[in-house]
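Down below is the structure, laid out as structure tokens.
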Amino acid sequence: MADIDLSSVGKTFAGTPALQDITTRFDDGEFIALLGPSGCGKTTLLRILAGFEEPTEGRIRIGSREMANADSGANLPPEQRNIGFVFQSYALWPHMSVRRNVSYPLEIRGLSRAEIRRHTDAALASTGLEDYADRMPSDLSGGQRQRVALARCLVSDPCAVLLDEPLANLDVALRATMQGVFTDFHKRTGATMVYVTHDQAEAMAMADRIAVMDQGRIQQFDTPQNLYERPKNRFVAEFVGRGTVVPVQQFRTDGTAQQARILGAEVAVQSAQQESRVSHVCLRPENLTITETGDLRSKVARVTYMGGKYLLETVTDCGARLFAETRARFDVGAQLGLTITTPWAFSED
């Protein structure tokens, strides 16, 4: 296994930038998620790591080996990078058994039969496929096929495992099960894993750190908790989790205490930035409490049952749409008081 270092990596297609100045490091053994909307550049970055695309700018190193350097023109092909890749479509050979699908990369390398069997048995065992070794892909469920694809990429003992939306084709229940499979596998092997997804619930459940991307740039690279609780800008605040970003009308500090005027109310806030730069706050459902006399008056516009609780979309007197959670049911049109508790404040840029 190895660290992955990216320095000023960029990629342009027909004059249009797909990636811009990606400089970061994925530590050895980390489970990294690349998260963002369609077209943000996450799959392009994964393909550059794999060697399927060449960077237009910058340099990539995995461990002590330089994989690509746009200045020198160096670019190792995928087969020389020792990286495993799990495709969204599984990409299994339909005429080969599970065992043969998994062992095929070793056959191409010319390993002995004994080595091939030893490595293949280990890969099948690590993915729980020993009892399916003689089956054909057509006889497997979607989750089992995904395990075969994972076993095939692991059989060569790769220095990193790259996964391109591997659960996108599975139903909701099976996706939850496979999340556990990937998490357990990561804990068991300590492999460096880079996982592309547009599903933030997947990323938050599995990853050690998440790189939130937009317009070819990493907007914030942080732990799931920090992304949710301490977003660095408006895009991250609105993209990760459920909440509303509202402007700060006034901000001041008094020692360690921070106060802001938002939506006409004076509330205590949290912020890591200087007073002159704070411009917005992110109001999550947990920052809002329904009270008889609150900081704001609002009206219920929509009620959604979430299993044991209700999500209320409310509209304040000044027109802001805020989300609150409650175990009590309220009807659409009900008038509520909302008390705001220490939301996170940040700069818009």
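The values are calculated or read from the model by the stated rules, or taken from the named source; none is laboratory data. The model shown is predicted, which means the values in this text are computed figures rather than measured ones. Note: ideal-geometry Cβ built from the backbone for every residue, glycine included; neighbour counts use all protein chains shown.
Structure notes:
- Selection from the range 8-57 of residues that are aliphatic (A, V, I, L, M), crowded, with 16+ Cβ neighbours inside 10 Å and either under 21 Å from ALA74 (Cα atoms) or modelled with pLDDT under 95 (or both): VAL9, ALA18, LEU19, ILE22, LEU45, LEU46, ILE48, LEU49, ALA50
- Residue, surrounded by the most Cβ atoms within 10 Å (Cβ to Cβ), within the range 61-81, restricted to residues that are in contact with a strand residue (DSSP E or B) (Cβ under 8 Å, 6 or more places away or on another chain) and part of a loop (DSSP other than H, G, I, E, B): ARG81
- Residues in the range 97-116 that are touching a residue at least 12 places away in the same chain (Cβ under 8 Å) and of a type outside the set (Gly, Ala, Ser): 9 in all.
- Lone qualifier among ASP208, ASP214 - being closer than 22 Å to ASN233 by Cα, touching a strand residue (DSSP E or B) at 6+ places or on another chain (Cβ under 6 Å) and acidic (Asp, Glu): ASP208
- Scanning the range 311-329 for residues that are closer than 19 Å to PRO247 by Cα, surrounded by fewer than 18 Cβ atoms within 10 Å (Cβ to Cβ) and β-branched (Val, Ile, Thr) turns up just one, VAL315.
- Unique match (being outside any helix (DSSP H, G or I) and either crowded, with 19+ Cβ neighbours inside 10 Å or not aromatic (Phe, Trp, Tyr) (or both)) among ILE116, ILE210, ILE108: ILE210
- Residues (in contact with a His (Cβ under 9 Å, 6 or more places away or on another chain), surrounded by 15 or more Cβ atoms within 10 Å (Cβ to Cβ), under 17 Å from TYR104 (Cα atoms) and not hydroxyl-bearing (Ser, Thr, Tyr)) located in the range 155-189: VAL155
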